[in-house]
Amino acid sequence: MWKKIRYKLEYGGLLITARLVPLFPRWFVLAIARVGGGIASMADRAGRRVALANLNAVFGEEYSASEKRRIVRRSYQHFAQTMLDLMWSPRLTSSNFHRYIDFEWPQELQPGENVIIACYHYSNFEWLSLACGFRGLRGTILAQEFKNSVLEPIFRRLREQSGHSFIPRTGGILRVFKLLRRGGSTAMLIDLTVPPGTSAVAINCLGLQKSVTPAHAWLHQQTGAALIPAHCQPLDGGRYRVVFHPRIKLSANVGVREIAQVCWDTFESVVRANPGPWLWMYKHWRYRPTHTDRSYPFYASPNPKFERMVAKK
C-alpha cells in the first residue's frame, strides 16, 4: 500500500515539476540546480557515502578530503541540472537550441550513415540526446525502465521531442539490431554496471575492473554501423558542448570486450581531468576480483562469474 501511495506521489510531483519548470527563466533553473544539488549532497547520506568511497578507490590521496567533498557536491549539482534541464527542454527548438548547446557534426560520420552513439552519465547527457535529434542525428534509443512505470510517459515525451524514439532496454537489443540492419541509428548509455554473465564484459575503468554491457560493441560487430563515443561537456553560464570522440576503428577479429574497453578509454581522460560532472553516487564497482592489489569501494563484493570474466582474455 505504501509503495502505491509513494508511486502516486512521485507521479504527481514529476507532473507538476514538468509543467512548472518551463515557465522559469534560465538563470532561475540554474540557481535551483546549484542550491538543490548542494542540499541533496548533504541530505543523501547513503549516496554521499558511495560517492566518497568511489573517489577514494579511484584517486586515493590525489585529492584531499575537502576536494573530494567538493567533487561530490558538483556531481549532485550536475545531475540536478540535467534533470531540471530535461524538464525545461520544451523551450528548446531546432532553431534556438544552439544558444545553449554547441554542436558540430561528427567529422568522421557521413550524413545519412547509420551510427551507434556510445554515451556516458557525464554532465547533461539528456541534452546531448536532444541536440543530436535537433541536428538530424536521430535514432531509436534504449532507456532503462523506471521502477515506477507511471513516470515513463512523462520522460518519454520529453526525451522524444527532438525526433528520437525511446524503447525499454529489456528486450530492446534485438529491435535495435534489426533497425541498424535497415540503416537506422541508435544511442545508449554504456557506463552503468550490469550483473556478470553472458551479457556482460569486464573492462578496466579508472584502474578498477567493472562489469558493463557489450551491447554497443556487439551491435557494431554484427551490423557494421559506425561506433562513436560521445559526452556532454559543461561550459560557463549553463551552456554545454557535445563532444564526439574518434570513431572506433578496430580489426574484424577483435572481440566485444576489447571494443568496449577502447570505447571507455576514449572517455577516461575526461573524467580524470574534470571528475565533478560524472555520476559518482552510483555504485559503479559492485563486483571485485578476489585477488587484487587495488582497494575497491565498501559495497563491492566477490562474484564467481565476475572472477571468470576478469580472467577471460
- Message: What distance in nm separates the two pseudo spin-label positions at S295 and E104, each 7 Å out from Cα along the beta-carbon direction?
- Response: 4.2
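For the range 91-311, give the magnitude of the charge dipole about the Cα centre (Cβ charges: +1 Lys/Arg, -1 Asp/Glu; no others), in debye to the nearest 20.
Working: 26 positive and 15 negative charges, 105 e Å.
Magnitude of the dipole: close to 500 debye.
Out of every Cα-Cα pair in the range 225-272, what percent are more than 15 Å apart?
Numbers: 580 of 1128 pairs.
Everything past 15 Å amounts to 51 percent.
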- Among (i) 28, 26, 20; (ii) 34, 21, 17; (iii) 42, 28, 14, the entry that matches semi-axes √(5λ) of the Cα gyration tensor in Å as calculated here: (i)
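What relative contact order, as a whole-number percentage, does the range 91-311 give when Cα pairs under 8 Å and 6 or more residues apart are counted? Provide the component values of the computation, followed by the final result.
Working: 359 pairs, mean separation 54.3, N = 221.
Relative CO of the range 91-311 lands at 25 percent.
Taking 0.36 nm per intervening residue step and subtracting the Cα-Cα distance, what contour gain separates N56 from A31 on full extension? Mind showing how you got there, number by number?
Numbers: separation 25, 0.36 × 25 = 9.00 nm, distance 2.92 nm.
In short, 6.1 nm is gained.
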- Length gained if R181 through L23 is fully extended, taking 0.36 nm per residue and subtracting the Cα-Cα distance, is 52.7 nm
- Task: Identify, among H164, A217, N96, the residue whose Cα sits farthest towards the positive end of the charge dipole of the range 91-311, taking +1 on the Cβ of Lys and Arg and -1 on the Cβ of Asp and Glu, with the dipole about the Cα centre.
- Result: H164
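Which FRET efficiency value, to the nearest 0.05, is calculated for M1 and K147 with the Förster distance at 22 angstrom and r the Cβ-Cβ distance?
0.85
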- Message: Can you tell me the length gained on complete extension of the stretch N274 to K305, counting 0.36 nm per residue apart and subtracting the Cα distance?
- Response: 7.9 nm
- Item | Charge dipole of the chain about the Cα centre (unit charges at C-beta), most positive-ward option of A226, P195, G112 | P195
- Message: Once you place label points 7 Å from the Cα toward the Cβ at N96 and R45, how far apart are they in nm?
- Response: 4.4
- Query: Listed here are the pairs K4/K312; K3/K178; K68/K249; K178/K312; K147/K305; which of them are more than 32 Å apart at the Cα?
  - Reply: K4/K312; K3/K178; K68/K249
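Read-outs: derived from the displayed coordinates by stated rules, not from any lab. Since this is a predicted model, take the numbers as computed values, not measurements. Heads up, the Cβs are rebuilt from the backbone with ideal geometry, glycines too, and the neighbour counts pull from every protein chain shown.
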